[in-house]
Amino acid sequence: FIKIIAYAGKINPCITAVIMKFINVFIHKNQPFRFIESANQRRYTVINIENNQKYAAYARKRLDEAGYTKTETSCNEWNYKIELKGTNEHGAIIGAMLLAFQDMPLDNAMFYDAGIGMSSYASLFNPITKEPYPAYYAFTAFNELYKMGQQTYLTCDTDGLYSVAATNGKEKRMVVVN
């Protein structure tokens with residue numbers, strides 16, 4: 001399989017032309033590729049929820065137009081506002097991103113990073129005390145939804161408020177982040 005890594009800083013017409021030419025070569029040669037990955041380039045761009053939604057939709061649209069409707073998409077190495085790590089605000093941002101990812105046309109998203117140690121991006125645990133930062137609890141809350149097994153309909157018309165609900169047929173759970 002072929003892995004395509006596409007810079008997610010912005011939807012650039014020049015880069016888009018190169019990627020689409022590459023995809024068209026695969027179509028012409030009848031060659032499949034498994035997934036396209038959006039590398040957030042953490043140091044150089046600000047990838048907020050709205051931009052991730054836009055990029056995910058754009059990648060899915062382009063792949064579908066090219067006939068690659070089964071190709072996986074991935075948002076790799078995401079972590080927004082790392083300068084806030086260890087704060088409740090960062091925990092809320094990470095939780096909002098997780099909830100927003102649920103309804104994006106993405107197959108997976110890789111958080112960067114969950115290491116315990118001295119790193120600018122290690123955002124889930126305090127490197128000194130090894131205690132969880134607030135962002136860790138965003139993942140545990142999302143896991144509670146995942147364990148339910150089935151997303152249920154939930155709508156929210158308030159900007160900046162993110163929510164997902166799930167059920168196992170007997171119980172229901174909901175996570176809301178602002």
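The table that follows gives values for the structure above.
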quantity	calculated
Highest average packing first - 107-120, 152-165, Cβ atoms within 10 Å	107-120, 152-165
Quotient of Cα Rg and 2.2 N^0.38 Å for region 97-137, N being how many residues it contains	1.36
Value of Rg/Rh across region 135-178 [Cα atoms, Kirkwood radius]	0.99
Volume per residue of the C-alpha convex hull in region 53-161, rounded to whole Å³	127 Å³
Rounded accessible area per residue of region 94-178, 1.4 Å, Å²	60 Å²
Rounded to the nearest 20 debye, dipole of region 86-178 from Cβ charges on Lys, Arg, Asp, Glu	340 debye
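The values are calculated or read from the model by the stated rules, or taken from the named source; none is laboratory data. If you're wondering where the values come from, they're calculated on a predicted model, not measured in any experiment. Reconstructed Cβ throughout: ideal geometry from the backbone, glycine too, with neighbour counts over all protein chains shown. Just the protein is used for accessible areas: all its heavy atoms, side chains included, with ligands, DNA and RNA removed. Shrake-Rupley method; radii C 1.70, N 1.55, O 1.52, S 1.80 Å.
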